[in-house]
1. Treating only the Cα positions of the stretch 319-409 as identical point scatterers, give the base-10 log of I(q)/I(0) from the Debye formula at each q in 0.16 Å⁻¹.
2. Expressed in nm to one decimal, what extension gain is obtained for the pair Asp512 and Thr43 from 0.36 nm per residue of sequence separation less their Cα-Cα distance?
3. Say R0 is 60 Å: what FRET efficiency, to the nearest 0.05, do Tyr148 and Gln18 get from their beta-carbon distance?
4. At q = 0.13, 0.26 Å⁻¹, what is the log10 ratio I(q)/I(0) for the stretch 175-220, with the Debye formula run over Cα points and no solvent?
5. With all distinct Cα pairs included, what does the Kirkwood hydrodynamic radius of the stretch 109-262 come out to in Å, to one decimal, could you say?
6. So what's Rg/Rh here for the stretch 194-252, counting alpha carbon atoms and using the Kirkwood radius for Rh?
7. Averaged over all directions, how much area does the convex hull of the C-alpha atoms of the stretch 4-78 cover when projected, in nm²?
8. Out of all DSSP beta bridges in the stretch 482-555, what portion is antiparallel? Express it as a percent rounded to 5.
Amino acid sequence: MKSDIEIARSTELMKIKQIAQNYGIPVDQVHHYGSYMAKVSETLIDEEKVKQSNLILVTAITPTKAGIGKTTVSIGLALGLNRIGKKAFCALREPSLGPCFGMKGGAAGGGYAQVLPMEKINLHFTGDFHAITSAHNMIAALLDNYMYQNQDNGFAMKEVLWNRVLDVNDRGLRYIVTGLGGKTNGITRESSFDITPASEIMAILCLAKDEADLRRRIENILLGFTIDNKPFTVKDLGVAGAITVLLKDAIAPNLVQTTEHTPAIVHGGPFANIAHGCNSVLATKLAMTFGEYVVTEAGFGADLGAEKFYDIKCRKAGLQPKLTVIVATAQGLKMHGGVSLDKIKEPNREGLRKGFANLDKHIENLRSFGQTVVVAFNRYANDTDEEIALARRHCEELGVGFAVNNAFAEGGAGAVELAQLVVDTIGRHPSRPLRFAYEETDSIEEKIAKVATRLYGAAEVTYSITARKKIKMAEALGYEKFPICIAKTQYSFSTDPKQYGVAKDFEFHVRDIVLNAGAEMLVVIAGEIMRMPGLPKEPQALHIDIVNGEIEGLS
């Protein structure tokens, strides 16, 4: 089979104007970035049409380091829906340069289920990530300048909460000191960098309902506390207008196409282990305005992406998914069944059977939100028919719909079974109205405890002194009604990345809490998770190159 990049190059793309026309998007609201990418005005969103559309969430079991193929399934499902005569869109996140040059090599799907042009989407795309990085760091620079210029007037910050971001995996920037080298270089202080997908500006862009809401949220960003213990915000800094200007184009969702010319709205890119893990509300609603069925995905396993999709995105945007698809693979199930990582590609019925416990826990959690669930078994070349049959029987015993997804190898044709299952299930038994994991009126500790104990399986929640201090700070500022966004390892229900399967009765330790007043959520840092990833021993950058004018190494 051809590589991802070979398939991408061999696909004859349709002009993006034609994609828009085919799906009823007014071409005068399509702003081109070359022939095959465009931004579409968010003003086209029609809330009445949004209510009529069928929103489908794609999530997954707890992933392996090789991933589960959730984006490939999401794209494949949209292809399959169009194959059976439905007007379908997919609404996805933008890739981050960090993982592209780190472990993953790309995040635009794979095989014959990709969004295109793959190289541009995986690299600089329409510049949204750069705009977000620039906006975030502009605030940091303006804050540092304000402190420097006003220090002789008695102004000083007791605590600065706003750091910098960069869309590169760089462990050397996790803890830094700025302002060294003399008085004219600014005020010396400790600081740090997060990766751009963890930026509060990213979350704000993804949760804002329009430009006015974007500016309002930017104004509310909490930068820190003055020497007399008063909160200091972007509004106090007086630069919300300038920051909104930097994001004026970035707020518009991006329109691209799949390998089979299905429209894809790709916009925003928060990670689900350190942020809320969903594409923008504007992108999802724009797709729902023009699509009968809209397939979206939330990052990593259902304990992270799906929970945040429901409790943060849907709660704030008023979205009601009709169905949740959970992706499982034989390799992932065997890993959670105790099979060593070097043997998960080999047949192992017992390991597969033991791994069902991880799938079952996720299904139980998803049902607790009122969701109807179906399982998409993402097929790999080394999977056996016997293993697939075993997984199908298990799901049938649970009363959960099951379909094999083979879109990677066959495109839309390989997702017809899944597409038909999705349509039939929505027709017969759509999800009930969302039941959230916690209420907005719950205390911060109650919210954390409900997610950690009921969804993850923790026996108790413990807090560092710093986390306790931040809780009191949030309560004093009136932030206790914000939803929580737990940042933890994606490889386990627990905070231990090596505790596979279904972790039980563990201690869930909260190390810190980040007050995202503009995004209107509290980021709960649990365990040893870092908001700035490092690069692996052999980063994908070693394999990325230009050969005879063509980019190689992206996938």
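The values are calculated or read from the model by the stated rules, or taken from the named source; none is laboratory data. In this text, all values refer to a predicted model and were calculated from it rather than measured experimentally. In this analysis, Cβ positions are derived from the backbone assuming ideal geometry, glycine residues included, and neighbour counts consider all displayed protein chains. Just so you know, the surface numbers come from the protein's heavy atoms only, side chains and all, with ligands and any DNA or RNA stripped out. Shrake-Rupley method; radii C 1.70, N 1.55, O 1.52, S 1.80 Å.
1. After summing over all Cα pairs, the log10 values are -0.61.
2. Additional length available on full extension: 165.1 nm.
3. It comes out at approximately 0.70.
4. For the requested q values the scattering log ratios are -0.49, -0.84.
5. Evaluated over the stretch 109-262, this radius sits at 17.3 Å.
6. 1.00
7. Reported value for the Cα convex hull: 7.4 nm².
8. Here the antiparallel bridges make up roughly 70 percent for the stretch 482-555.
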